[in-house]
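Shown next, in structure tokens, is the structure this report addresses.
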Amino acid sequence: MITEHAIILKLWEIRPNTIWNLRSYTYEGLEWLDDPSTKPTAEELGL
Amino acid sequence: MARTKIDPSLIPTLTIGFQAPVQGTSTTEFTTTATSFQTTNCAATITPTSSSHRIKITVSGFLRTATSQSANSYVTIARSTTNLGTAQGFGALLYASAADTSAGALVSFIYIDSPATASSTTYNVQIRSDVGGKTVGFGQQGTQVIVLEEIV
């Protein structure tokens, strides 16, 4: 069964359909590629 | 029955083999929502002993489309940033229908590259989504592996 990590679920919730890379399940691992939206803060992601 | 003796010196010498392989592994999943190929955590670097030698690349890892994302996931090998496959890479994991909650499978493929260099060369696994904003991943389950072998 495939389960989603909490950070992915949060990204879908607060920044739906945006473009990003996630190289680890950490804030440092989040590379924001979406323009003009902004990378959410660690607080917004609950990290 | 007549026997013919073969002079061993007349037999052409064929030498083929591999240098010591290089292996890169990761157990950390990489996910992306981009439609252009993005570099995952799976990579390895090799320095060929001759610019005329070819490199055999073997890749294995778990490719997936995230839950209810309704997108196909494509995987490829890149030499640095150069895609060695097509726009669809070396293959795709196709989601069956919008009703699917997720799709994932262990994928493995092989490619022989001619880098034409004796300098340090990095190969990495890249993935992309076919729908922008929809999440695909590589390496959620188990260990991702890339093996490089110089053919001499």
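Report, in cubic angstrom per residue, the convex hull volume of the C-alpha atoms of chain A.
Normalising the Cα hull of chain A by residue number yields 77 Å³.
What FRET efficiency comes out for A:E13 versus B:Q141 if R0 is 25 angstrom and r is the Cβ-Cβ distance? Round to the nearest 0.05.
That gives a FRET efficiency of 0.55.
What spacing in nm lies between the two simple spin-label points modelled at B:S80 and A:T26, each 7 Å away from Cα in the Cβ direction?
Each label point is offset 7 Å from its Cα along the Cβ direction, giving 2.9 nm.
Can you pull out the GluC sites (Glu not before Pro) in chain A whose DSSP state is coil and whose Cβ has at most 10 other Cβ atoms within 10 Å? Please report the intermediate quantities before stating the final value.
Working: sites: A:E4, A:E13, A:E28, A:E31, A:E43, A:E44; in loops: A:E4, A:E28, A:E43, A:E44.
Qualifying residues, ordered by number: A:E28, A:E43.
Which whole number gives the average count of other chain Cβ atoms within 10 Å of the Cβ atoms across peptide A:22-29?
Mean partner-chain Cβ count within 10 Å for A:22-29: 4.
What does a probe at B:I11 reach in segment B:125-152, counting residues whose amide N is under 19 Å from the point 7 Å along Cα→Cβ?
Flagged as within label range: none.
Per residue of B:144-150, count partner chain C-beta atoms within 10 Å of its C-beta, then hand back the mean as an integer.
The shielding value for this peptide is 0.
Quote the Stokes-Einstein diffusion coefficient, in whole µm² s⁻¹, for the protein assembly as shown, based on the Kirkwood radius over alpha carbon pairs, a temperature of 20 °C and a viscosity of 1.002 mPa s.
In µm²/s, the coefficient rounds to 116.
Apply the Kirkwood formula to segment B:28-151: the hydrodynamic radius equals the inverse of the mean of 1/r over all pairs of different alpha-carbon atoms; give it in Å with one decimal.
With all distinct Cα pairs of segment B:28-151 included, I get 14.6 Å.
Which longest uninterrupted range of chain B lacks any trypsin sites (Lys or Arg not before Pro) assigned by DSSP to a loop state (not H, G, I, E or B) and surrounded by at most 13 other Cβ atoms within 10 Å?
Free of exposed loop sites, the longest segment is B:6-152.
Work out the mean other chain Cβ neighbour count within 10 Å for the residues of B:126-138 and drop it here as an integer. Present the calculation step by step, with values, prior to reporting the outcome.
Numbers: counts 0, 1, 0, 1, 0, 1, 5, 8, 3, 6, 0, 5, 0.
Partner Cβ neighbours, averaged per residue: 2.
Among all the aspartates and glutamates, which ones have a C-alpha under 19 Å from A:K39's C-alpha, if same-chain residues fewer than 8 places away are not counted?
Straight-distance partners of A:K39: A:E13, A:E28, A:E31.
Can you give the FRET efficiency for B:A105 and B:K56, using 1/(1 + (r/R0)^6), R0 = 22 Å, r = Cβ-Cβ distance, to the nearest 0.05?
The pair B:A105/B:K56 has a calculated efficiency of 0.45.
We did not get these values from a lab; they are worked out from the coordinates using the rules stated. Remember, predicted model here, so these are calculated numbers, not experimental data. Neighbour counts run over all protein chains shown; Cβ positions are idealised from the backbone, glycine included.
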